[in-house]
1. What FRET efficiency comes out for THR280 versus LYS106 if R0 is 30 angstrom and r is the Cβ-Cβ distance? Round to the nearest 0.05.
2. VAL80: net charge of surrounding residues, Cβ under 11 Å, Lys/Arg +1, Asp/Glu -1, itself excluded?
3. Grab the beta carbon distance between GLU40 and VAL85, set R0 = 25 Å, and tell me the FRET efficiency rounded to 0.05.
4. Considering every Cα-Cα pair within segment 205-300, what fraction, in whole percent, is farther apart than 24 Å?
5. Once neighbouring chains are kept in place and the probe is 1.4 Å, which whole percent of the accessible area of segment 235-283 is contributed by carbon and sulfur?
6. Calculate the spin-label point distance for ARG153 paired with GLN270, positioning each point 7 Å from the Cα along the beta-carbon direction, and give it in nanometres.
7. How long are the semi-axes of the equivalent ellipsoid of segment 1-98, defined as square roots of 5 times the Cα gyration tensor eigenvalues? Whole Å, largest first.
8. Can you tell me the relative contact order of segment 1-113? Whole percent, Cα pairs under 8 Å, sequence separation 6 or more.
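The values are calculated or read from the model by the stated rules, or taken from the named source; none is laboratory data. Not measured: the values here are computed from a predicted model. For neighbour counting, all protein chains shown are included, and Cβ atoms are generated from backbone atoms with ideal geometry for every residue, glycine included. For accessibility, only protein heavy atoms count, side chains too; no ligands or nucleic acids. Shrake-Rupley method; radii C 1.70, N 1.55, O 1.52, S 1.80 Å.
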Amino acid sequence: MSNLIELSSEEKFQQLVAGNAPVVLNFWASWAEPCSQMNEVFKELANKFPTLKFIQIEAENFPETSEKFEIESVPTFLIVKNDKVVNKIEGAKAAELSNAVAKYAKGVLANNTSINGVSGAPPPVRDLQSRLKALVNSAPVMIFIKGTPQQPRCGFSRQLVDLLAEQNVRYSSFNILADEDVYINGELAGGLDIIKELIASGEFAEMVPKEKDLSSRLQELIEKQPVMVFIKGTPQEPRCGFSRQMVGLLNDRHVKYGHFDILSDDEVRQGLKAHVDWPTFPMLFYKGELLGGLDIVKEMIASGEFDQVVSA
């Protein structure tokens with residue numbers, strides 16, 4: 001029996017995920033281009049790691065399962081164990097998905113080895129250079145440490161995290177038990193000793209991107225274009241059905257608009273809701289003022305109000 005399974009019913013799902021072994025879930029949609037690319041990656045991983053079960057779920061066809069796991073966009077990948085999510089990856093992040101799958105496959109193989117007395121190891125994940133490049137460039141300031149910022153696993157990593165916190169620097173991190181380095185805009189700034197010297201000389205403050213307060217950032221984004229839409233994904237590759245509909249409405253009316261992918265910045269995603277007192281996405285703005293979400297825009301179009309407002 002193949003370890004790659006296309007979900008056929010909500011009832012079948014519980015049978016497929018029963019047991020203690022990790023199961024990899026792929027929530028996808030036929031209309032999202034990134035999904036077709038990641039489906040191929042998913043199939044390749046299923047071939048590469050036969051000890052794991054891989055389940056493909058067309059999200060909009062299985063609303064109960066999608067709602068249970070709070071799927072907000074596609075593609076989204078979950079690793080589930082004992083009916084609990086142990087890893088969640090949103091977006092077309094092939095390297096991150098490969099790394100997570102390899103980790104859990106290794107655990108399964110190690111468990112099987114201890115039970116059966118058979119030695120072995122999972123095949124290495126390919127395309128290391130692409131993975132490293134994606135990690136280095138995944139945030140303006142990127143640090144590679146032992147552990148996490150919340151739980152550093154060595155003194156040097158702890159010191160580096162503390163230094164960045166003291167300097168009020170926003171950064172992303174990757175847990176790697178090898179070295180402690182800081183990357184700024186994709187370029188290596190240095191390890192702990194170099195960062196200490198840069199802080200002492202005052203150079204570090206000049207190197208890191210200057211942060212604006214959240215309210216100013218949000219207002220600048222809202223006013224970036226006369227018509228501005230905040231969606232999940234991009235107009236070319238929307239990552240939820242509501243965003244796809246909003247983009248379609250604007251394109252049908254030949255509206256020139258700017259956009260922001262709220263999945264790319266969780267601070268903007270959460271902050272914008274409070275900033276304009278509107279709970280859901282997508283959101284459409286005109287000349288800095290909120291027009292509303294998808295349902296409001298549909299109503300405005302139906303009444304003729306939309307064309308009057310946007311052309312004013």
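1. Working: r = 39 Å, r/R0 = 1.31.
That pair, THR280 with LYS106, gives E of 0.15.
2. +4
3. The formula returns an efficiency of 0.60 here.
4. Working: 837 of 4560 pairs.
For segment 205-300, the fraction of Cα-Cα distances above 24 Å is 18 percent.
5. Here carbon and sulfur together make up 49 percent of the probe-accessible area.
6. 2.6 nm
7. Equivalent-ellipsoid dimensions as semi-axes: 18, 16, 13 Å.
8. Relative contact order of segment 1-113: 34 percent.
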